[in-house]
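Q: Sharing a structure below in structure tokens format, with a few things to ask.
The values are calculated or read from the model by the stated rules, or taken from the named source; none is laboratory data. None of these values were measured; they are calculated from a predicted model. Backbone-built Cβ (ideal geometry, glycine too); neighbour counts: all protein chains shown. What goes into the accessible areas is simple: the full protein's heavy atoms, side chains included, and nothing from ligands, DNA or RNA. Shrake-Rupley method; radii C 1.70, N 1.55, O 1.52, S 1.80 Å.
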Amino acid sequence: MPPADDTTPDIMSAPPQSGVRRVIANLLHLLGGKAVAGIVSVIYLIIVTHSLGARDYGVLILVNAYAVFMGSVVAFSGYHGVVRYGSQALEAGDIDGMARIVRFMAVVEVAFGVVALVLAALIVPFVGPRMGWSDDAMMLAIPYSLAVLATVRATPQGILQIAGRFDLIGLHQAISPMVRLIGAAIVWALGGGLAGFITVWLIASLVEGVAMWWLGMIAWEKLAEGRRLTGPWRGVLRERGGFGRFIMLTNFDITLRELAPNLAPLTVGWVLGPTAAGLLGLAQRASALLQQPATLLSQASYAVLADQVAKRQFGLLRHTVWRSAAIAGAVAVPIVAVLGLLGDRLLILLGGQSFTGGTTLLILVAIGRLAALAATPIAAGLTALGHPQRSMAVALITNLALYPALPALLWWIGVDGAGWHGLIQNAVALVIVALFFAHDVKRAT
């Protein structure tokens with residue numbers, strides 16, 4: 001980790017609350033950017049949904065979800081490897097070793113990203129007709145495969161985390177929404193339709209990916225003490241015992257955990273069509289106050305937890321994880337209550353009359369995300385302990401074993417089935433991951 005300044009307490013002598021305070025401090029940096037992004041997102045969401053209606057908005061959701069799905073499944077995310085092993089190398093004073101880890105992960109991530117992009121473009125003609133896309137929408141979906149590149153940014157995100165630059169990660173949260181807002185306003189002013197909004201979403205995705213690499217390079221200049229990002233990268237798997245297994249497991253874990261949220265709208269579109277996908281997309285966006293903090297909390301907590309494990313402060317680790325989970329759940333409860341009270345009025349305000357009838361779906365999605373938010377720091381604690389296979393096992397159970405229930409529920413009760421499915425998944429995941437962490441941290445102690 002970078003050396004602390006004069007105002008930063010020594011973690012070895014700090015009281016137990018310091019771990020939680022560091023997580024909260026990191027989270028506040030991230031929430032600063034996300035607060036701006038949230039406000040901006042509501043504005044462009046109203047523009048898009050009122051311009052397109054539920055069906056065409058559903059097509060936009062499905063085209064974007066398809067690209068993100070391909071990126072999450074095929075592309076390789078190694079930021080856990082960068083943070084865990086990079087932190088260990090820095091703790092040992094091995095800056096060259098840290099640099100080789102980062103370079104190796106950058107090469108792997110970019111290579112897999114290119115493969116994901118090509119596959120996404122090739123499969124569009126087979127997926128589009130079943131999703132209810134028009135010929136024009138499919139023609140746009142092929143170049144939209146470039147949006148896969150927005151998912152190829154785990155390495156610079158890892159650099160920012162071990163450098164402690166959560167302020168820059170927070171800034172990054174606002175970049176894509178700002179581009180979408182500006183573009184959506186232009187399309188709306190010009191009277192454009194679905195094609196215009198798809199183009200804007202593609203531009204925002206490309207800017208999002210490029211911006212993360214640029215911000216990562218800002219942190220790299222200080223972290224690497226003058227070393228170039230390009231340079232020796234071979235031999236990392238041989239030098240770092242367990243590194244290859246760790247990054248394979250964590251990548252598989254991330255892929256599985258992202259499978260459900262990315263696959264759900266595609267399954268809804270496949271079974272019920274783009275209108276139902278549009279309603280689900282708006283319900284998810286309306287409850288983004290719960291979903292986005294889960295991602296941010298994972299980013300905010302993992303670097304802190306990995307640092308505590310590197311220093312073998314397992315008592316502090318246990319305290320940080322349980323307190324973070326409790327705080328996350330407590331913050332989420334009133335948000336769920338408000339969403340439940342607003343119901344249809346919120347969906348109609350955001351999207352218009354074509355989105356009527358989504359109150360139950362909104363409540364179910366919100367409760368499921370509350371459970372996911374509470375589970376986030378616990379899963380990060382498992383990974384920091386060097387047991388990503390635990391989190392992966394949970395993802396296998398909830399995202400693969402429980403997946404067949406989703407189309408069955410959709411056929412049985414319609415689009416509300418997606419809400420019930422998400423709630424069941426997240427509740428089961430919370431219970432299992434908590435049991436795993438309690439067992440593993442006890443053994444480590």
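Q: Full extension from Arg55 to Ile123: what is 0.36 nm times the residue separation minus their Cα-Cα distance, to one decimal in nm? Before the final figure, lay out each step's value.
A: On the way: separation 68, 0.36 × 68 = 24.48 nm, distance 2.24 nm.
Here the answer is 22.2 nm.
Q: With a 1.4 Å probe and all protein chains left in place, how much accessible area per residue does the chain have, in Å²? Numbers along the way, then the final one.
A: Numbers: 18310 Å² over 445 residues.
Using a 1.4 Å probe on heavy atoms only, each residue of the chain averages 41 Å².
Q: Something else now. Please report the base-10 log of the normalised intensity I(q)/I(0) for the range 298-391, using a Debye sum with one equal scatterer per alpha carbon and no solvent, at each q in 0.20 (1/Å).
A: Calculated log10 I(q)/I(0) at the listed q: -0.87.
Q: Another question, if that's okay. Between Arg245 and Val110, what FRET efficiency comes out of the Förster formula 1/(1 + (r/R0)^6) with R0 = 22 Å and r the beta carbon distance, rounded to 0.05?
A: Working: r = 22 Å, r/R0 = 0.99.
In this case the efficiency is close to 0.50.
Q: How long is the gain from Leu349 to Leu190 if the chain were fully straight, where each residue apart is worth 0.36 nm and the alpha carbon distance is subtracted?
A: Values: separation 159, 0.36 × 159 = 57.24 nm, distance 2.30 nm.
Full extension from Leu349 to Leu190 adds 54.9 nm.
Q: What is the percent carbon and sulfur in the accessible area of the chain, measuring with a 1.4 Å probe over the protein chains and ignoring ligands? Please list the in-between numbers first.
A: Values: 12410 of 18310 Å².
After summing per-atom areas, the C and S share lands at 68 percent.
Q: For the range 168-283, just list the percent of Cα-Cα distances falling in each 10 Å bin from zero outward, please.
A: 11, 20, 35, 20, 12, 2
Q: Students sometimes get this wrong: rank Lys311, Lys442 by accessible area, probe 1.4 Å, all chains present, largest first. Let's see the in-between values first.
A: Values: Lys311 50, Lys442 155 Å².
Per-residue accessible area, sorted high to low, gives Lys442, Lys311.
Q: Highest GNM mean-square fluctuation, the chain, Cα pairs closer than 10 Å: which of Ala54, Ala121, Ala429?
A: Looking only at Ala54, Ala121, Ala429, the largest GNM fluctuation is found for Ala121.
Q: Mind putting together the pair-distance distribution for the chain? All Cα pairs, 10 Å bins, whole percent per bin, short to long.
A: The calculated distribution, bin by bin, is 5, 21, 32, 27, 12, 3, 0.
Q: Ordering His421, His50 from largest to smallest accessible area (1.4 angstrom probe), what's the sequence? Display every interim value, and only then the final one.
A: Values: His421 10, His50 105 Å².
Largest to smallest exposure gives the sequence His50, His421.
Q: Moving to a separate point now. I'd like to verify something in the chain: which complete DSSP H helices, judged by Cα projection on the helix axis, reach 27 Å or more and average at least -1.0 on the Kyte-Doolittle scale? If you can, show how the numbers build up before the last one.
A: Values: long enough: 17-74 (49 Å, 1.22); 95-127 (47 Å, 2.04); 194-223 (44 Å, 1.39); 243-272 (43 Å, 0.80); 288-310 (33 Å, 0.67); 314-342 (43 Å, 1.56); 359-384 (38 Å, 1.74); 416-444 (42 Å, 0.78).
Long hydrophobic helices here: 17-74, 95-127, 194-223, 243-272, 288-310, 314-342, 359-384, 416-444.
Q: Right, here's the next one. Pick from Met98, Met139, Met70: which is most flexible by mean-square fluctuation in a GNM of the chain where alpha carbon atoms under 10 Å apart are linked?
A: So, out of Met98, Met139, Met70, the one fluctuating most is Met139.
Q: Right, another one. Starting from the Cα gyration tensor of the range 49-197, multiply each eigenvalue by 5, take the square root, and state the resulting semi-axes largest first in whole Å.
A: Working: eigenvalues 261, 74, 19 Å².
Semi-axis lengths for the range 49-197 are 36, 19, 10 Å.
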